[in-house]
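The values are calculated or read from the model by the stated rules, or taken from the named source; none is laboratory data. The structure displayed is predicted, hence computed values, not measured ones. Here the Cβ positions follow ideal geometry from the backbone for every residue, glycine too, while neighbour counts run over all protein chains shown.
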Amino acid sequence: MISMRTLCCWTVAAAIMILVYATKFDALAREYLASAYTIRNLLVELAAALLIVLGLPKSIAARLRIPAVLGWLAGMIALALWYAPPLLIASLHSGPVRILQALSWILGGVLLYLPLYSPAPEQRMKPFPNGIVYLFAAAVFSSLLSLFIGFTRFGLYAPYLAPADTLHILPALQGRFGLNPEMDQQTACLMMWVLSCFVWLWSVMAMFWRLYHTRDRVVVS
């Protein structure tokens, strides 16, 4: 029987996937804004994947032992791979490639989070020093990735230079909100840096809260 925790976590994860792939946000990320593409990347890999991990039944999580190095590499490769211009452009124009992209983001995120958030306590890494090093390395990597996105040659992500404007919102985006292609690229850089580092910082706090909470329970008992 599925627990309430599993049902809630996986329902929210599914809602995130529907939001970014089955609403007008999908067109925003495919046709208009590199920043929307980045937000979709982070929502899928860092939010939906986390909820999938948190919702895993303990009996399954107890059998999933992911080495920290493998989890970190899988997460960071998935995070960065689809910013390579040929792959990014292919994902914008091809449905099958976009499905492959989504699957790689989910898998990379799940492997990244399992050593940190596994519902089976014996499968989690120690907060110090392992967890700190793991998350600090992730913060450094995502910061470097944000610099690549923001300071790579302007126009490298060509599809965003001349959107098809199927939603007829281009004048509002570029006029009212000032999201011309150059500003959009800088916004994508900022989104990657701020949102990803927020996740790493939140993970550090969650990890130590769990550590002290567990110790308090041991002392009380």
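Tallying residues that are modelled with pLDDT of 95 or more and exposed (fewer than 12 other Cβ atoms within 10 Å of the Cβ) within region 175-193 yields 0.
Which residues, taken from region 161-184, are charged (D, E, K, R) and either free of Cβ contacts under 8 Å to residues at least 24 places away in the same chain or not in a helix (DSSP H, G or I) (or both)? Passing the criteria: D165, R176. If the condition is being over 19 Å from A90 (Cα atoms) and within 15 Å of the chain's Cα centre (by Cα), then region 19-41 contributes only L19. Kindly indicate whether R65 is assigned to a loop (DSSP other than H, G, I, E, B) and at pLDDT below 95. Considered against the rule, which asks whether it is assigned to a loop (DSSP other than H, G, I, E, B) and at pLDDT below 95, R65 comes out as yes.
Can you say whether F141 is farther than 30 Å from R124 by Cβ, at pLDDT 90 or above, of a type in the set (F, W, Y) and assigned to a helix (DSSP H, G or I), as far as the supplied structure shows? Answer is no for this residue. K58 passes every criterion in (1) in contact (Cβ under 8 Å) with a residue 60 or more places away in the chain; (2) within 30 Å of Q186 (Cβ to Cβ); (3) over 17 Å from the mean Cα position of the chain (by Cα) apart from (2). Can you tell me how many residues in region 7-36 are surrounded by fewer than 17 Cβ atoms within 10 Å (Cβ to Cβ) and not in a helix (DSSP H, G or I)? Looking only at that region, the number is 2. Screening the candidates P86, P119 for the property of being assigned to a helix (DSSP H, G or I) and either free of Cβ contacts under 8 Å to residues at least 24 places away in the same chain or more than 22 Å from V20 (Cα to Cα) (or both) yields one hit, P86.
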